[in-house]
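The values are calculated or read from the model by the stated rules, or taken from the named source; none is laboratory data. Keep in mind that this is a model prediction, so the values were computed, not measured. Cβ sites come from the backbone with ideal geometry, for glycine too, and all protein chains shown count toward neighbours. The protein model used for the area step is the full one, side chains on, heavy atoms only, and it has no ligands, DNA or RNA in it. Shrake-Rupley method; radii C 1.70, N 1.55, O 1.52, S 1.80 Å.
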Amino acid sequence: MTSMLRISEAADAAEQSALSPSLVERMTLIMESFGGAQTRLTLEEVSGRTNIPRSSTHRILKHLVQLRWLERDGREYGLGSLALGLGGREDGHNALRAAAFPLLHALAVRTEMVVHLAVLDGTEVYYLDKFGGRAAVEIPSRVGGRAPAHCTAIGKSMLAWLSPERVDKQFKGAIQRRTARSISDIGILHQELSRIRGRNGLAFERGECYSHIACVGAAVRGPDGPIGAISIVCDAQAALERLAPLVANTAHAISEKLFGVTPQPDRPRHMPATPRIALPSEALGELVAMGERGAWF
């Protein structure tokens, strides 16, 4: 019995030594260096932000990845599933919902259509809010529900601002078809995301998730990338081009409420610059005319 107690005491001492205050402090500094869910940092950047030696930073990062507090994508690290599952993520969602609520409600009233607010969660979108009154009952989505990101306008608008490497990793080359019009090939998905960037972030889909539904979406972008997205949902035969300026303006307005000005996040290294959509009232008629000529596509 005495020997067992000694073994237990020795184990406790070893554990306390391994979790020394300096190690806990360093782990805390590293976790705090990631400002948000979309933040991606290299080893050198984490070491620079925390003033922890590079070798020690690398060792701690490796353990945090193994424990799922962080995830690694090539040379970059980001918050992992455990960190994203804590209250900080919900706080971020609450801030996004609060900023978006009056704007999306007004958009739903003005268009008399269903409006969504969602965030990206791996290969899926997670719906935070849904507006549209009685019309919303006819749309098969719900707050707290999910849908495949690659076949929804709201999802594609966020995927467009991720690097191709990250998109490849998230989908791992396997894309499931939902309808006859769904994207089912990773190469075709990359082509679609490139077209979305060419339209300054506007995404369209007709019958890709549900055969009778069409959507136009745009991402709400922060300094580190897309933090969410909005979309208008309507009949599959509706003229989505007419709705595009309203969706773009609303997404920009939410970004401005959250960040003060419309942020210009860093693009993946391969990605060409695209100007912000500026939609003054006098340009609205011209944009609608462009849509009628099919210029948005």
Within region 124-150, how many residues are touching a helix residue (DSSP H, G or I) at 6+ places or on another chain (Cβ under 7 Å) and β-branched (Val, Ile, Thr)?
1
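Of the residues GLY122, GLY145, which single one is closer than 27 Å to SER184 by Cβ, within 16 Å of the chain's Cα centre (by Cα) and open to solvent by 20 Å² or more (accessible area, probe 1.4 Å)? Break it down into steps so the answer makes sense when it comes.
Values: GLY145 fails: open to solvent by 20 Å² or more (accessible area, probe 1.4 Å).
After applying the criteria, what remains is GLY122.
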Which one is nearest to ALA229 (Cα to Cα) among residues in region 161-189 that are in contact with a Ser or Thr (Cβ under 8 Å, 6 or more places away or on another chain) and not polar (S, T, N, Q)?
PHE171
What are the pairs with Cβ atoms under 6 angstrom where one residue, in region 234-258, is open to solvent by 20 Å² or more (accessible area, probe 1.4 Å) and the other, located anywhere, is part of a loop (DSSP other than H, G, I, E, B) and at pLDDT below 85? Sequence gap at least six, or different chains.
GLU241/TRP296; ASN249/LEU279; HIS252/THR262; GLU256/THR262
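So which helices (runs of 4 or more DSSP H) are wholly in region 35-151 and hold at least 2 residues that are modelled with pLDDT of 90 or more and under 22 Å from LEU246 (Cα atoms)? Reasoning before the result, please.
Values: elements: 43-50, 54-66, 81-84, 87-111.
Answer list for region 35-151: 87-111.
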